[in-house]
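Read-outs: derived from the displayed coordinates by stated rules, not from any lab. Being a predicted model, the structure only gives us computed values, none of them experimental. Reconstructed Cβ throughout: ideal geometry from the backbone, glycine too, with neighbour counts over all protein chains shown.
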Amino acid sequence: MNGEWKARRKPTQARAIATWDAIVEACAQVLRDEGAAAVSTNRIAEVAGVSIGSLYQYFPNKESVLLALADREVETLRDNLEALLRVSGDLHAEVVVEQVIRGMFAMREQHVLLMRVAQADRDLPDMASRRVAVAESLRDMVRRLLARRKGQVREMDADVVSFVIVHAIQGNLQAIDGGLEPWFLSKDELIDEIVALVVRYVRADPPAG
């Protein structure tokens, strides 16, 4: 990565960490509330409640703040995925499918922020690889969850089924963020429909005869 895109230094002292976190969160707030076009170092500093000089102690430009935000969201997503894996236990495959889908909708903010970081500056280095890594983490979670439930799901190529499930859900999330949220369905009703779709897709065929 070009050095100009990196944060100057990651703080270790509590007060400096608080400033760093405030700057990164302010960037997220601007993206959420005002859109990608509003992101600038001056606006981020204003929302964070710090001087522009304080921001430049840690970040040389808006791009480095955007990348720090992307890294935060990727880490949050991965932590949430591991938590989903831990609580899945011996639950039946159909229950786990519902957990995964509800979990991905609960992680909608991370998905949306990553998309908006990319929209804010399409030339950011490594953003594509970050988004690919998130998708691969999601697919890996699905593969691991279904692999533990032989007999409860039909036999199929693990790479194919994980790709179909993850990107079917992500497609709905992107549609909603793009303003296509269905007025005729509540969020819970939409999730129920996606759960029904995926459960039918993975359900084991009944025994012959």
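Quick notes on this one:
- Taking amide hydrogens as placed 1.01 Å from N in the peptide plane, the amide H of Arg203 sits under 5 Å from those of Arg154, each at least 5 positions away in sequence or on another chain.
- Only the Cβ atoms of Lys and Arg (+1) and of Asp and Glu (-1) were treated as charged; on that basis the dipole of the range 71-192 about its Cα centre amounts to roughly 280 debye.
- Bridgeable aspartates and glutamates around Lys187 (alpha carbons under 18 Å apart, same-chain partners fewer than 8 residues away excluded): Glu98, Glu109, Asp177.
- Euclidean distance between Cα centres, the range 12-58 to the range 60-123, Å: 21 Å
- Ranked packing of 87-94, 52-59, 143-150, most packed first, by mean Cβ within 10 Å: 52-59, 143-150, 87-94
- Dipole in debye (nearest 20) - the chain, about Cα centre, beta carbon charges: Lys, Arg +1; Asp, Glu -1: 540 debye
- The range 3-202: relative contact order as a whole-number percent, Cα under 8 Å and 6+ apart: 22 percent
- For semi-axes √(5λ) of the Cα gyration tensor in Å, computed directly from the structure shown, the correct entry in (1) 38, 18, 14; (2) 52, 19, 15; (3) 28, 18, 17 is (1).
- Remark: spin-label model distance Ala204-Ile17 equals 4.7 nm, labels positioned 7 Å along the Cα→Cβ axis.
- C-alpha long axis of helix 127-147 to longest principal axis of the chain, angle in °: 30 degrees
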